[in-house]
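Everything on this sheet refers to the single structure shown next.
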Amino acid sequence: MMVVAMNSATLEAQAVAGAADAASVRAWAIGLIFIVIVAAGALVDFGLAFGLWRRPMRWLPRERLFLRRPWARRDAAGLLVWLFGCYALAILLKPVWDRLSGSETVWVILVSALVNVAGLWLVKRSLARRGLTWRAAFGWSRQAWPARLGSGAAYYLAAMPLVWFYSLVYQGGLRAAGYKAEWQDVAITFVSETSTLARVLLFLLAVGLAPVFEEVLFRGILLPLAARRWGTAVGVAAVSALFAAVHFHLPSLVPLFVIAVAFSLGYVYSGSLVVPVVMHALFNGVNLVLLGLLR
């Protein structure tokens, strides 16, 4: 019995040491990813600044094209009512789902799919009713997708140094104020989920469906309306603040506002919603990869 106990203790100590080594490796991997992305973003920022110095940006023609996007207040109001209605319904039904011992992951997937799929269906109906194409409404030209994908990736990298800088400052301020930051519910669900299929579905929703609907709503529809009413600068700030607020997560408020400003500028400058969709998908995807490593 003594020999067995000693061997068990040895095995337990080795397991703990192995877990610590694995955690250390993951921490180094996360740190390396951060460094690579920030360094690449700094290089892209330098390249963009050098390019603008050699050839100043013609902002006004791009802004005029963006302001002519064919959306009315009724379209925005309908989608906002749908969005907040779904949130309210989810809050009301969540206790019932919990009493039925429903899976948290299944709940997140169902709510996200309902909001995004039905929202895009409403947009499609609005386009059909007014005889508009996705290209006319959002600059969604398939022929230009390869270039737009590249621009979206470059603009994502360019935004990351600023996003992480302001995130660190903001998180430091929250800690100094005594606020205990917690992860978003979706992040907790993704990290705690053990089913590979469920995690794949969550990942696909986060990098595929959600970026498309959210960019259609916030950048594609709300931003031109706000910019026509208050000017582009105020419109970008207002829509970015709304985008950050509807995620209902105080620790993410400033980072989401900063990245939303980057999404907006990417849309106005490129004239195509493909660019902020790519930026949004990369932002969500990289964050989920890092969460997976933390797991």
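Exactly which GluC sites (Glu not before Pro) in the stretch 165-221 are in a DSSP loop and have at most 13 other Cβ atoms within 10 Å?
Sparse-neighbourhood loop GluC sites (Glu not before Pro): Glu182.
List the residues whose amide H sits under 5 Å from the amide H of His249, counting only those 5 or more places along or on another chain, with H placed 1.01 Å from N in the peptide plane.
none
What angle, in degrees between 0 and 90 and rounded to the nearest 10, separates the Cα long axis of helix 145-176 from the longest principal axis of the Cα atoms of the chain?
60 degrees
Inverting the mean 1/r over all pairs of different Cα atoms, compute the Kirkwood radius of the stretch 151-295 and quote it in Å.
Final number for the Kirkwood radius of the stretch 151-295 is 15.9 Å.
Just to confirm a number: summing +1 for Lys and Arg and -1 for Asp and Glu over residues other than Ala154 whose beta-carbon lies under 15 angstrom from that of Ala154, what do you get?
0
With N set to the number of residues, divide the alpha-carbon radius of gyration of the stretch 213-295 by 2.2 N^0.38 Å and report two decimals.
Ratio of Cα Rg to 2.2 N^0.38 Å: 1.11.
If I model a spin label as a point 7 Å beyond the Cα along the Cα-Cβ vector, how far apart are those points for Val106 and Arg142 in nm?
Reported label-point gap for Val106 and Arg142 is 3.7 nm.
Taking Cα atoms, how many degrees apart are the long axis of helix 253-270 and the longest axis of the chain, rounded to 10 and kept between 0 and 90?
Rounded to the nearest ten degrees, it is 40.
Translational D (Stokes-Einstein, µm²/s) of the chain at 4 °C and 1.567 mPa s when Rh comes from the Kirkwood sum over C-alpha pairs?
The Stokes-Einstein estimate is 61 µm²/s.
Given the stretch 71-169 reduced to its alpha-carbon atoms as identical point scatterers, what log10 I(q)/I(0) does the Debye formula return at q = 0.23 Å⁻¹?
Relative scattering, expressed as log10 I(q)/I(0), comes to -1.06.
Every read-out reported here was derived from the displayed coordinates using simple, explicitly stated rules and does not represent laboratory data. Just so it is clear, the structure is predicted and the values come from calculations on it, not from any experiment. Because the Cβ atoms are built from the backbone with ideal geometry, glycine has one as well, and the counts that use them run over all protein chains shown.
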